[in-house]
Amino acid sequence: MYLYSKLQSLNKDISICFIGCGKFISMFLSQYNQLQKIKISTIVDINIEKAKLNCTNSGLSQKTIDSINFTNSLDDALKQNIDIFIEATGDPIIGTEHAVKIINNKKNIIMVNVEADVLCGKYLSDLAKKNNVIYSMAYGDQPALIMEQIEWAKLNGFLVVGAGKGTKYHPSFEYSTPDTVWKNYGMTDEQAKKAGMNPKMFNSFTTGDKSSIEMAAVANASGLRCPNNGLTYPAVGVYDIANKLIPKSAGGVLDYEGQVEVISSIDENKNNIANDLRWGVYIVIKAQNEYSRNCFKEYGMITDKSGNYSAIWRPYHYIGLELAQSMYVIAMDKRATGQTNYFNADVVCVAKKDIKIGEVLDGEGGFAARGRLFTAKRSVKENLLPLGLSSGAIAKKNINKDELISMNDVEINWNKEVLKAREYQKNLIVNE
């Protein structure tokens, strides 16, 4: 039975709690008045007045806002009768700590916080299974939408050759900072401020940090492989995906059959390409026999020149506007909209500039370092610094621009839950 049909016979409300009430959650709130049987019980935020303002700006009535329990304490929220917690702080350290506490209290959790998921997701997912609760990606975010396409393909017997998303990328953007982000992103300071967009967070989209994080999440959920040396961002329009997002051995750009990759909406001269996929997601599938190849052709599917590979894409993702899907799936189908199953991929730090001894790094989207997608095996073997651990890390030596940053290069004030999670995941690699 489809979810909406099931919803009509659901005889109780789905009680939810948000942790963090920023842009993503504000988008969900704008849909809230139209949603059935979802009830916001609690919102946890360090700035309660700003959270209430976001609720107002998203269209909630004062009566609805007054019915919500606002608190700055997760412990207070855990005392409530809540079905699903949504972690949306965006902080990988705090998010991991919150997730552990929620899971150990035997509550379901949706991780809008992809940063925490990539840093510690395998540990958190396994902990959720141990506690018989659901740990889920957030529908509306690109990783969950890509996983939906991958699962569809695998269920129907297709080989998934490539999967990923689009973005606006140029090599020069890798050195973008919160001070230069809006020009690179493609809007004015005034437009960004009016939309309530955080420059550091949106700089992570521009530099490639977020793309690396999201592709790590997909690799860790699906088992797909990472490129040899990080994402390459070929400029590819949608009608050429089947020609390009295939293995090099077949005339494409992928290192492997079964790999994640991100495509750019602009070329090397920063010109917009035709039919770009800046806001969307895609997969490439391969026909397993001649009959399937003929079906691709007969039914008008977009394929490569050989006819073996076909591309499927979704042009947009609606971010928080689609988040209710995860809530309904968890509540009615008792499953996740994507979850971490492996520790295949990690996002490691590359210096954006010369870093001096004693300098404090500022994490994703900041001034000091950018993220690059590597295999977890390489990250562990070379003892590289994960991007999610870089905020607040102190350089113990001078680090050159464009140099990979090692764990030995920095001093970290470890959070005990994150340390436990990273050691757990490291041991999965070491013991293979």
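Annotations
- Of the helices (runs of 4 or more DSSP H) entirely within segment 1-61, those holding at least 2 residues that are hydroxyl-bearing (Ser, Thr, Tyr) occupy 3-8.
- Residues that are open to solvent by less than 70 Å² (accessible area, probe 1.4 Å) and aromatic (Phe, Trp, Tyr), drawn from segment 282-318: Tyr282, Phe296, Tyr309, Trp313
- Of Thr96, Thr89, all but one fail to be touching a helix residue (DSSP H, G or I) at 6+ places or on another chain (Cβ under 8 Å), of a type in the set (Val, Ile, Thr) and open to solvent by 10 Å² or more (accessible area, probe 1.4 Å); the exception is Thr89.
- Ala242, sole failed condition from (1) part of a loop (DSSP other than H, G, I, E, B); (2) more than 18 Å from Ala138 (Cα to Cα): (1)
- Residue match in segment 56-79 (condition: surrounded by fewer than 20 Cβ atoms within 10 Å (Cβ to Cβ), in contact with a Cys (Cβ under 7 Å, 6 or more places away or on another chain), at pLDDT 95 or above and at negative phi): yes
- So Lys106, is it in a loop (DSSP other than H, G, I, E, B), out of contact with any strand residue (DSSP E or B) (no Cβ under 9 Å at 6 or more places or on another chain), farther than 28 Å from Pro315 by Cβ and not aliphatic (A, V, I, L, M): yes
- Residue list for segment 377-393, restricted to those being in contact (Cβ under 8 Å) with a residue 60 or more places away in the chain, open to solvent by less than 30 Å² (accessible area, probe 1.4 Å) and outside any strand (DSSP E or B): Leu387, Gly388, Leu389
Here is a yes/no grid of residues against (1) more than 28 Å from Val114 (Cβ to Cβ); (2) open to solvent by 60 Å² or more (accessible area, probe 1.4 Å); (3) touching a Lys or Arg at 6+ places or on another chain (Cβ under 8 Å); (4) not aliphatic (A, V, I, L, M):
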{"residue": "Gly258", "(1), (2), (3), (4)": "no, no, yes, yes"}
{"residue": "Ser264", "(1), (2), (3), (4)": "no, no, yes, yes"}
{"residue": "Asn275", "(1), (2), (3), (4)": "no, yes, no, yes"}
{"residue": "Gly280", "(1), (2), (3), (4)": "no, no, yes, yes"}
{"residue": "Gly320", "(1), (2), (3), (4)": "no, no, yes, yes"}
{"residue": "Thr340", "(1), (2), (3), (4)": "no, no, yes, yes"}
{"residue": "Ala351", "(1), (2), (3), (4)": "no, no, yes, no"}
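- In segment 245-280, the residues that are assigned to a strand (DSSP E or B) and either more than 24 Å from the chain's Cα centre (by Cα) or under 18 Å from Met215 (Cβ atoms) (or both): Pro247, Leu254, Gln259, Val260, Glu261, Val262, Ile263, Ser264, Asn272
- For segment 281-309, a residue qualifies if it is outside any loop (DSSP other than H, G, I, E, B), among the polar types (S, T, N, Q) and more than 26 Å from Thr232 (Cβ to Cβ), and the qualifying residues are Ser292, Asn294.
The values are calculated or read from the model by the stated rules, or taken from the named source; none is laboratory data. For clarity, every value in this text was computed on a predicted model and none was experimentally measured. Because the Cβ atoms are built from the backbone with ideal geometry, glycine has one as well, and the counts that use them run over all protein chains shown. Only protein heavy atoms, including side chains, enter the accessible area calculation; ligands, DNA and RNA are left aside. Shrake-Rupley method; radii C 1.70, N 1.55, O 1.52, S 1.80 Å.
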